[in-house]
Amino acid sequence: MFAEIAPRYDFLNHALSLNIDKRWRRLVIRQVAGYLKRPGALALDLCCGTADLSIELGALGATVGVDFCRPMLDLGKKKVQRSDLVVELIEGDALNLPVGDSVFDVVTIAFGLRNLDGTLAGLSEIYRVLKDEGRCVVLEFSRPQLPVFRGLFHFYFTRVLPRIGNAVSGSSFAYKYLPESVQTFPDQKGLARLMESVGFSDVRYYNLFGGVASLHIGDK
Ligand SMILES: C[S@@+](CC[C@H](N)C(=O)[O-])C[C@H]1O[C@@H](n2cnc3c(N)ncnc32)[C@H](O)[C@@H]1O
């Protein structure tokens, strides 16, 4: 699915969110900037896609991006080449990372956790590769909190966005899958509980744009 939409992925991300996605990624960076000042700090951006977040992390410290979709990575690699940052993009499965335990100071995952075949398995793998005193930040779609806004957003997300997204990307299902996958993904509190259950401490979250998305932070 991601291979199919890769060529239009960045354009649709920015257009369908009115560029708010860029602001959300910058909020992730704010949560981890201090960790990347440590000597020799290393960041992992899981499900990095076309590497927008990896590149922002790369501006602060050495970063590895992992994704299992080659066409997304190829687009990301072109963007990395245009920068002079230390960002390595690797093809791999977020559920079975080819690294030992306790390697990274920071692990981020933006709009990726919901797509994994097992949220708990993904969080456990993140916890495994994170160093003690490392930080994980999850950026993901969530549940708008105010009922009126929830209704309006639901209409946009399930009726408007799939039509535009599928028409522009050429996919018949990717942007229909998007709202469906959000509906079956844990809400803010549920995700926080899952993070705690794999061992993260001091788990907290911030609602973004009224809860359309949320930023979950957990420390190891
Ligand atoms: C919605 S995109 C998010 C990309 C990027 N993080 C962003 O913020 O734009 C989700 C990405 O997760 C990747 N993905 C899904 N399951 C994966 C897995 N098991 N291992 C690695 N990547 C995965 C997809 O290939 C896709 O590039």
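Nothing in this text is a laboratory measurement; each read-out follows from the coordinates by a stated rule. Fair warning: this is a prediction, and the values are worked out from it, not measured in the lab. So basically every Cβ, Gly included, is an ideal-geometry build from the backbone, and we count neighbours across all protein chains shown.
Restricted to Cα atoms, the chain shows a radius of gyration and a Dmax of 16.5, 48 angstrom. Phi angles across segment 90-103 convert, under the Karplus curve 6.51 cos²θ - 1.76 cosθ + 1.60 with θ = phi - 60°, into 3J(HN,Hα) values of 10, 7, x, 9, 4, 8, 8, 6, x, 9, x, 7, 6, 10 Hz, Gly and Pro given as x.
Using only C-alpha atoms and all pairs of different ones, pull out the Kirkwood radius for segment 141-183 in Å with one decimal. Working shown, then result.
Details: mean 1/r = 0.0937 Å⁻¹.
For segment 141-183, inverting the mean 1/r across all distinct Cα pairs yields 10.7 Å.
Please state the shape class of segment 100-197: rounded when a/c is under 1.5, otherwise prolate if a/b exceeds b/c and oblate if not, all from the C-alpha gyration tensor. It comes out prolate by the Cα gyration axes.
When the helix-only estimate is applied to the chain (DSSP H runs of n ≥ 4, each -39,500 (n - 2.57), divided by the residue count), what is the mean residue ellipticity at 222 nm, nearest 500 deg cm²/dmol? Working shown, then result.
Values: 9 runs with 98 residues, N = 220.
Roughly -13500 deg cm²/dmol at 222 nm, from the helical runs in the chain.
Taking R0 as 41 Å, what FRET efficiency do you get between A33 and E180 from their Cβ-Cβ distance, rounded to the nearest 0.05? E between A33 and E180, to the nearest 0.05, is 0.75. Cross-linked pairs K176/K220; K37/K176; K22/K131; K79/K131; K77/K189: Cα-Cα separations exceed 30 Å for K176/K220; K37/K176; K77/K189. What the phi angles of segment 206-220 give under the Karplus curve with 6.51, -1.76 and 1.60, with θ = phi - 60°, is a coupling list of 10, 7, 10, 6, x, x, 4, 10, 9, 10, 9, 10, x, 10, 10 Hz, glycine and proline written as x.
The length gained on full extension between N19 and V148, counted as 0.36 nm times the residue separation minus their Cα-Cα distance, comes to 44.1 nm. A straight chain from D117 to S102 at 0.36 nm per residue would run longer than the Cα-Cα distance by 3.1 nm.
If I take every Cα pair under 8 Å that is 6 or more residues apart in the chain, average their sequence separation and divide by the length, what percent do I get for the relative contact order? Numbers along the way, then the final one.
Numbers: 405 pairs, mean separation 45.1, N = 220.
With pairs under 8 Å counted, the relative contact order is 20 percent.
Near the amide H of L89, within less than 5 Å, lie the amide hydrogens of G65, all on another chain or at least 5 residues away, with H placed in the peptide plane.
Counting pairs of alpha carbon atoms under 8 Å apart in space and at least six apart in sequence, what relative contact order in percent does segment 16-115 give? Write down the numbers at each step before the final one.
Numbers: 159 pairs, mean separation 32.1, N = 100.
Worked out over segment 16-115, it gives 32 percent.
Taking amide hydrogens as placed 1.01 Å from N in the peptide plane, the amide H of A41 sits under 5 Å from that of no residue at least 5 positions away in sequence or on another chain. Which net charge results when you count Lys and Arg as +1 and Asp and Glu as -1 among the other residues whose beta-carbon is under 11 Å from that of L46? Result for the neighbourhood of L46: -4.
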